[in-house]
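I have placed the structure first, in the form of structure tokens, so that the comments after it can refer back to it.
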Amino acid sequence: MAVVEREKLLEVKNLKKHFNVGKNAVLKAVDNVSFDIYKGETLGLVGESGCGKSTTGRTIIRLYEATGGNVTFEGKDVHGKKSRKDLKSFNRRMQMIFQDPYASLNPRMTIKDIIAEGIDIHGLAKNDKERMERVYELLETVGLNRAHASRYPHEFSGGQRQRIGIARALAVDPDFIIADEPISALDVSIQAQVVNLMMKLQKERGLTYLFIAHDLSMVKHISDRVGVMYLGNIVELAESDELYEEPLHPYTQALLSAIPVPDPEVERSRERIILEGDLPSPISPPSGCRFRTRCPHAMDVCASKEPKWLEAREGHWVACHLYDNELNTENKQQ
Amino acid sequence: MKNILELNNVNVSFHTFAGEVKAVRGVNLHLEKGESLAIVGESGSGKSVTSKSIMRLLPEKTSEIKEGEILFEGRDLTKLSNREMEKIRGSEISMIFQDPMTSLNPTMTVGKQIMEGLRKHQNLSKNEAKERAINLLKLVGIPNPELRINEYPHQFSGGMRQRVVIAIALACNPKVLIADEPTTALDVTIQAQILDLMRDLQQKTGTAIILITHDLGVVANLSQRVAVMYGGTIVETGTTDEVFYNPKHPYTWGLLSSMPKLNSADKELMAIPGTPPNLLNPPKGCPFAARCPYAMQVCVDNMPDVTDVTSTHKTACWLLDERAPQVEPPEAALVGGAR
Amino acid sequence: MSMHEKQLNNDLFQPAVRSSDDAEKITKESTSFWQDARRRLFENKGAVSGLIIIVAILLLAFLGPLFSHNGFDDQDTSRTNLPPRVPVLEKVGFLGLDGVDIRGVDQYKMKNQKDNYYWFGTDALGRDQFVRVWKGTQISLYIAFLAAAIDMVIGVAYGAISGYYGGKTDNIMQRIIEILIGIPNLIVVILMILILDPGILSITFAMVITGWTTMARIVRGQILKLKTQEYVLASVTLGAKSSRILTKHMFPNILGSIIITSMFTIPSAIFTEAFLSFIGLGISPPTASLGSLVNEGFKSLQIYPHLVLYPAVIISLIMISFNLLGDGLRDALDPKMRK
């Protein structure tokens, strides 16, 4: 497959992010997460709230300090101590788009100052005229116009604000953008605008995305590969078409069957896998496989042993004992 | 009488510093006994305001129902006194809100909160109310209701809390249940549980449901009829099948085609350009005209009439006028075709 | 419908011509946060009347002494303890501004001051009370503004450092504040004044020593909240330095809270100063502050009530109007009121 030959842009290995919450309680928001992102692709990361997908994104871009593991960007370690110059050049390569279009823009700043922030910090414009030219250009790139530059964020709608957020990220010409639920706060018709814009920008500028969301249908649409997270672990990772057509992990299967489809006939005839119960607390996750408490196929081994991260098919990784051939042959022998 | 609830030409306005915001403009709706009707629209389309005006939950100081009548079993709710309205609220018509966290009182046990309405509206004794509360919790699928009735909301998870909210809403056997984005704050797997529960309950109790949502998937799952709202007006209404398989209004086309389909090949999504109209100065003509790819000159200044496609399917669009050019909906809007 | 049919001709059913910019146009006038806040402030009647009273008192405090040819410490034993006498108003009997004391004796006639008018009367040393009251107001306001300004500088710096750096730094700095708050305020102030010589600066210093903690706590709280705001995170990912984040993102957003807190510091500083002067720890004669004037007048309250009345009224007016303005500012600047 083409994936193998492609150049790795970002490598995440055994990434851990733990938060101390009170005495002796540790919230393992991200626990041993590993994945690669190839140049020019979009990797989707889905999961329910509290599964650690946003924390993963924020840890990669150094908003949180990782508890363990490492992140390599173009062969260079992202974490650990760095000189100011290294950090700055890193900040120009990797950018982020945030979830809440109302909280992600400073209400006291005009749009031109918000967009030009990266230009100012990195000194990308020689003079004021050049700075404004860049701002106008960026505004037009995201489908707004010059007249908007001197206005304040509260005058814009959610979709427009989100595009301003994209323009701010683009101002420093990044290669890699982490989009942290960029569309979940937007209306359906506006979501499509933002997603189309992101895909257009990817084509034009060769961007690489990590697209974090809980909306599986949108993730499938925009992503080349998709990773599914549950309670701080990645449970399955595959090409998006393959994942949606043949999900292997029981959690992925349940998640996919739970999405309501805008088609009444399909809805009437569909058999859902309804998961019992709720997400366990990430402070004291279940032993062994974390999904076992809600899994319809749970076995004895699931409680005692953490499932291995294995390639069940080419390019299709899953962490589930059901697909562990060694284990299954062992069982048969017994 | 078939219609339990009827809205005739309802207009609701908010008074703000900048002027009058016409949030709902001439809405006509009816709800039949035991059916489930969905009101779909984006934020600011007026769907929540419509539902709150039925419950008379809009702030009295800043808003008013300017025109029209809301008939509940023949009585005009807009003319009732606050006292009379209190009797209807919670017992005849009840409501579920989006966020289960804020719609429960954190300092009261769940049981007390369910019993509150029962004792107020139905004059049950304490023991009777408790028994009924346990039955209600059982009905909404909460395990060990005898024990959990004494617990506080924070001891329940998000999905369980929404079940409790539903139990409270159903406590007095209401004839109409208004659910305002009941699953939006929940995760997909929990949403599926709640949708299942609501469908189940509707069959068991025969309560008519008004579902307010922006999610067409939820609509397809739960409701028999749909009303699509845009810019404070209803642009299309019909049975769920009619609206999904034979949509007539360009906005409905836009909504259906801007959702990616899980089982279709990657294509560019059909986005609706622009943003919804500002209801401070609502457009004179069709509210969707400014974003409509098929807009004609007539649309800008003239509000389209409601045209009957079938006896149940109505659309307010100039394209259905005989003088208008014939327009086919975009391929992406054809739900059946994409299947 | 039929009316429409006649008016609309077929030409209208042609595609509408629109420029692509229309869909993104914002019709509303551009307003900054401060413009909005000013409008909200001026809509608030209480705040406006508070503001007017403050401006009037400020003007009088500085211009008032110019109306009289007497200095604030010009003594003259021939005109001691004169009650107030105002031209024109002296003819309106019930106002008591006719120079007649409470025993019904016209003091001006008795002391041969028939041609003089002392608007607020004179004190036991024959000093013009009108001049002394406004001079006292000047001193009181000066102390209050100075205390508020120093509170602000220390409080903002301390709170910002504590909140922004967080962790251990925050922990230690907060414990220090708690210790300071734990010591009874009055004891610290009295000890300070006993050590230092009574005077404007020592009073201010004594008040500031514990006064800044309120501001520090409020600023810290705001900074902690802002630290997790997505626009601050965005700035971090763009590589902004701490100084930039603090000046561009945090300060403009906490300025409102700082102003509001200062607005409430001023009346409480005036009150503390008055209290200290009243118990004899304040300004030393012949300089006067509102508190020391009340203190002096209090000794002869039953015979010469005018000596207490005017300074007491002015203290009350200052306190009320600053509180009214502070409330108005809070409503106008509170980010929670804004969407």
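Inclusion of A:LEU87 among residues that are facing chain C (nearest Cβ under 9 Å) and surrounded by fewer than 17 Cβ atoms within 10 Å (Cβ to Cβ) is warranted. Does A:THR42 satisfy the condition of being buried (at least 16 other Cβ atoms within 10 Å of the Cβ), more than 12 Å from chain C (Cβ to nearest Cβ) and of a type in the set (Val, Ile, Thr)? Criteria met by A:THR42. Every test in (1) farther than 30 Å from B:GLY44 by Cβ; (2) acidic (Asp, Glu); (3) in contact with a helix residue (DSSP H, G or I) (Cβ under 8 Å, 6 or more places away or on another chain) is passed by A:GLU130 save one, and that test is (3). Residue count for segment C:297-308 under the criterion of being over 21 Å from C:LEU276 (Cβ atoms) and either aliphatic (A, V, I, L, M) or crowded, with 18+ Cβ neighbours inside 10 Å (or both): the result is 3.
Rundown of residues vs (1) under 27 Å from A:SER240 (Cα atoms); (2) in contact with a Lys or Arg (Cβ under 8 Å, 6 or more places away or on another chain), yes/no style:
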{"position": "B:LEU177", "(1), (2)": "no, no"}
{"position": "B:THR183", "(1), (2)": "yes, no"}
{"position": "B:ILE194", "(1), (2)": "no, yes"}
{"position": "B:LYS204", "(1), (2)": "no, no"}
{"position": "B:VAL218", "(1), (2)": "yes, no"}
{"position": "B:ASN221", "(1), (2)": "yes, yes"}
{"position": "B:VAL228", "(1), (2)": "no, no"}
{"position": "B:GLY232", "(1), (2)": "no, yes"}
{"position": "B:PHE244", "(1), (2)": "yes, no"}
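Selection of segment A:110-143 for residues being hydrophobic (A, V, I, L, M, F, W, C) and either touching a residue at least 60 places away in the same chain (Cβ under 8 Å) or at the interface with chain C (Cβ under 7 Å from one of its Cβ atoms) (or both) yields only A:ILE121. Looking only at residues in segment C:46-73 that are loosely packed, with under 15 Cβ neighbours inside 10 Å and not aliphatic (A, V, I, L, M), the one that is farthest from C:LEU329 (Cα to Cα) is C:HIS69. Just to be sure before I move on: is B:ILE178 under 11 Å from B:ALA38 (Cα atoms), in contact with a Leu (Cβ under 9 Å, 6 or more places away or on another chain) and more than 9 Å from chain A (Cβ to nearest Cβ) in the structure I sent? Criteria met by B:ILE178.
Conditions tested, residue by residue: (1) within 13 Å of chain B (Cβ to nearest Cβ); (2) within 30 Å of B:ASN221 (Cβ to Cβ); (3) touching a residue at least 60 places away in the same chain (Cβ under 8 Å).
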{"position": "A:ALA238", "(1), (2), (3)": "no, yes, yes"}
{"position": "A:LEU243", "(1), (2), (3)": "yes, yes, yes"}
{"position": "A:ARG272", "(1), (2), (3)": "yes, yes, no"}
{"position": "A:PRO280", "(1), (2), (3)": "yes, yes, no"}
{"position": "A:GLY288", "(1), (2), (3)": "no, no, no"}
{"position": "A:CYS295", "(1), (2), (3)": "yes, yes, no"}
{"position": "A:GLU311", "(1), (2), (3)": "no, no, no"}
{"position": "A:HIS316", "(1), (2), (3)": "no, yes, yes"}
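Could you list, in sequence order, all residues of segment B:196-206 that are touching a residue at least 24 places away in the same chain (Cβ under 8 Å) and either farther than 26 Å from B:PHE72 by Cβ or surrounded by fewer than 22 Cβ atoms within 10 Å (Cβ to Cβ) (or both)?
So the first thing to find is which residues in segment B:196-206 are touching a residue at least 24 places away in the same chain (Cβ under 8 Å), and the list is B:197-198, B:201-202, B:204-206.
Correct list: B:LEU197, B:LEU201, B:GLN202, B:LYS204, B:THR205, B:GLY206.
Residues in segment C:246-292 that are of a type in the set (A, V, I, L, M), crowded, with 20+ Cβ neighbours inside 10 Å and within 14 Å of another protein chain (Cβ to nearest Cβ): C:MET250, C:ILE254. When segment B:165-217 is filtered for residues that are closer than 12 Å to B:ILE96 by Cβ, assigned to a helix (DSSP H, G or I) and not small (Gly, Ala, Ser), the ones remaining, listed by number, are B:VAL165, B:ILE166, B:ILE168, B:LEU170, B:ILE194, B:LEU197, B:MET198, B:LEU201. Flag not set for B:VAL327, criterion: touching a helix residue (DSSP H, G or I) at 6+ places or on another chain (Cβ under 7 Å), assigned to a strand (DSSP E or B) and either farther than 29 Å from A:MET198 by Cα or not basic (Lys, Arg) (or both).
Can you pull out every residue in segment A:169-187 that is outside any loop (DSSP other than H, G, I, E, B) and either without any contact (Cβ under 8 Å) to a residue 60 or more places away in the chain or away from every other protein chain (no Cβ under 11 Å) (or both)?
A:LEU170, A:PHE176, A:ALA179
The number of residues in segment A:144-157 that are within 14 Å of chain B (Cβ to nearest Cβ), surrounded by 20 or more Cβ atoms within 10 Å (Cβ to Cβ) and part of a helix (DSSP H, G or I) comes to 1.
Please work out if B:PRO276 is within 24 Å of the chain's Cα centre (by Cα) and modelled with pLDDT under 85. First the steps, then the outcome.
On the way: within 24 Å of the chain's Cα centre (by Cα): yes; modelled with pLDDT under 85: yes.
When the stated conditions are applied, B:PRO276 passes them.
Screening segment B:218-232 for residues that are surrounded by 24 or more Cβ atoms within 10 Å (Cβ to Cβ) and in a loop (DSSP other than H, G, I, E, B) and picking the one that is nearest to the other protein chains (Cβ to nearest Cβ) gives B:SER223.
With respect to the conditions (1) over 20 Å from A:LEU210 (Cβ atoms); (2) in contact with a strand residue (DSSP E or B) (Cβ under 9 Å, 6 or more places away or on another chain); (3) touching a residue at least 24 places away in the same chain (Cβ under 8 Å), A:GLY80 falls short on a single one, namely (3).
In contact (Cβ under 8 Å) with a residue 12 or more places away in the chain, within 10 Å of chain C (Cβ to nearest Cβ) and more than 10 Å from B:LYS248 (Cα to Cα) - does that describe any residue in segment B:308-317? Walk me through how you get there before you give the answer.
Residues of segment B:308-317 that are in contact (Cβ under 8 Å) with a residue 12 or more places away in the chain, as a first pass: B:309-310, B:312-317.
With the extra rule that they be within 10 Å of chain C (Cβ to nearest Cβ), the set shrinks to none.
No; the residues of segment B:308-317 include none that is in contact (Cβ under 8 Å) with a residue 12 or more places away in the chain, within 10 Å of chain C (Cβ to nearest Cβ) and more than 10 Å from B:LYS248 (Cα to Cα).
Going through (1) more than 13 Å from A:THR42 (Cβ to Cβ); (2) not in a loop (DSSP other than H, G, I, E, B) one by one, A:MET218 falls short only on (1). A:ILE212 falls short on exactly one of the conditions (1) at pLDDT below 90; (2) under 19 Å from the mean Cα position of the chain (by Cα), and that condition is (1). Counting the residues of segment A:200-215 that are closer than 17 Å to A:LEU10 by Cβ, hydrophobic (A, V, I, L, M, F, W, C) and not in a strand (DSSP E or B) gives 1.
The values are calculated or read from the model by the stated rules, or taken from the named source; none is laboratory data. These numbers were taken from a predicted model, which means no experiment stands behind them. Neighbour counts run over all protein chains shown; Cβ positions are idealised from the backbone, glycine included.
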